[in-house]
Amino acid sequence: MAYNILYYGDYCQASPATLDGYFKTIIQYAQPDLLSCEKIVAFNPTPGSTGNLADEITNSVLNQAFPNQYAYATVTNASFGKAMSVLFYNKQKLTFVKTETLVANVSDFNLYKLYYNDVNLSITRDTTFLYVVVNHTQSGSPSTTRDQQVTLEMQALRTKFAYFPNLINMGDFNTASSFEAGYLSVISNIDSSTMMSDPPYNPDNKFQYPGNWDITPYLVAPYLTTTTRFSASIPNSCGTSGGAKSWFDHIFISPWLINNANYIQYLPNSYQTIGNDGNRLGVDINSTSPVANTSAPANVINALFQMSNKYPVSLKLIVKANRSANSFTDPVERN
């Protein structure tokens with residue numbers, strides 16, 4: 001699950017303590033094993049330090065919802081940005097290996113390496129790795145800065161890997177259309193082994209390119225992520241208004257995840273924008289017009305309205321136990 005949590009920590013919306021209750025409700029419903037949170041107010045990333053918002057979310061949200069289940073990957077702010085991203089994970093299912101900053105340009109674009117806690121690992125010694133990139137690009141027009149950010153990130157990934165392993169690239173890309181150079185750098189490449197896919201387009205085939213989500217949002221209504229709120233002042237004056245009107249947040253997946261190449265596979269048609277029933281175009285997430293939103297329980301819909309102006313996006317992965325110690329070779333990580 002990827003979720004822009006709208007300057008969590010700056011008190012513009014509310015105190016973290018107030019928001020934590022809403023966030024906990026969302027987590028109890030979504031139950032993510034991997035959670036990227038974008039647009040957290042910059043904080044001292046040292047674990048246990050005063051004001052560490054990764055600790056706050058882990059202790060007061062995630063592990064309140066599911067005790068002793070979550071941890072977070074090493075946090076960075078090499079770009080000295082005013083907002084940071086954090087990757088949280090279910091430590092009962094995954095073990096964190098390392099964080100590597102691919103690009104530090106306004107925000108940090110990090111590559112996280114984890115592996116699946118396979119019950120057979122002590123016998124097979126054949127590790128199933130999963131790599132995750134978390135994005136929060138520059139918003140607004142023109143798209144020059146975010147195009148550069150994502151293009152540099154993808155260049156770094158293609159330099160690092162001759163072919164992509166089990167790899168997810170997720171977060172808030174701020175993309176207005178599939179024409180943008182940053183978006184194209186993710187889904188297009190001469191070498192198909194380093195192309196990534198936006199699941200509703202491929203492999204689910206719900207849509208065909210090109211897509212201009214700002215101009216024709218009604219064509220992708222169930223997948224719009226900006227915004228959960230119609231008003232610029234209700235429930236607060238933070239973030240953007242106008243109701244669902246564009247598709248900024250995505251989760252891209254590598255060919256291995258589509259093709260079940262190495263023990264992890266994307267579950268077809270599992271990609272969703274949580275809380276968007278396809279009837280939110282230009283209205284609040286909790287509006288009863290044109291119809292009441294029953295895509296999630298009412299308390300979850302209300303929590304999404306209060307928590308952020310962004311809808312979270314999610315997908316499901318099927319993980320198969322490795323009993324044979326027989327797997328494709330992960331690509332060498334080049335420096």
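Throughout, read-outs are computed from the coordinates displayed, never taken from laboratory work. The model shown is predicted, which means the values in this text are computed figures rather than measured ones. No Cβ is skipped: glycine too gets one built from the backbone with ideal geometry, and neighbour counts run over all protein chains shown.
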Most mobile listed residue (TYR163, TYR70, TYR89) in the chain, GNM with C-alpha springs under 10 Å: TYR163
Most mobile of THR228, THR74, THR159 in a GNM of the chain (Cα contacts under 10 Å): THR159
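Determine the sum of side-chain charges near VAL313: Lys and Arg each +1, Asp and Glu each -1, restricted to other residues whose C-beta is under 13 angstrom from that of VAL313. Show your work: numbers first, answer last.
On the way: positive: LYS310, LYS316; negative: GLU38, ASP172, ASP198, ASP249.
With Lys, Arg at +1 and Asp, Glu at -1, the net is -2.
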GLN92 paired with SER192, simple spin-label distance in nm, labels 7 Å along Cα-to-beta-carbon: 4.0 nm
Ranked list, fewest to most other Cβ atoms within 10 Å of each Cβ, for THR50, THR95, THR175: THR50, THR95, THR175
Three principal axis lengths of the chain [C-alpha, angstrom, descending]: 55, 45, 38
Full-extension gain in nm, SER241 to ASP330, via 0.36 nm per residue minus C-alpha separation: 27.7 nm
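Shape verdict for the stretch 9-99, please, from the Cα gyration tensor: rounded (a/c under 1.5), prolate (a/b greater than b/c) or oblate.
Values: a/c = 1.81, a/b = 1.10, b/c = 1.64.
Oblate shape, in that a/c is at least 1.5 and b/c is the bigger or equal ratio.
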Highest-MSF residue in the chain out of GLY242, GLY182, GLY171 [GNM, Cα springs under 10 Å]: GLY242
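Output the pairs from LYS24/LYS113; LYS91/LYS245; LYS98/LYS316; LYS39/LYS316; LYS160/LYS310; LYS245/LYS316 with a Cα-Cα distance over 30 Å in this structure; if there are none, say none. Write down the numbers at each step before the final one.
Working: LYS24/LYS113 26 Å; LYS91/LYS245 36 Å; LYS98/LYS316 23 Å; LYS39/LYS316 23 Å; LYS160/LYS310 32 Å; LYS245/LYS316 25 Å.
Long pairs (Cα-Cα over 30 Å): LYS91/LYS245; LYS160/LYS310.
For the chain, give the magnitude of the charge dipole about the Cα centre (Cβ charges: +1 Lys/Arg, -1 Asp/Glu; no others), in debye to the nearest 20. Working shown, then result.
On the way: 20 positive and 23 negative charges, 77 e Å.
So the magnitude is around 360 debye.
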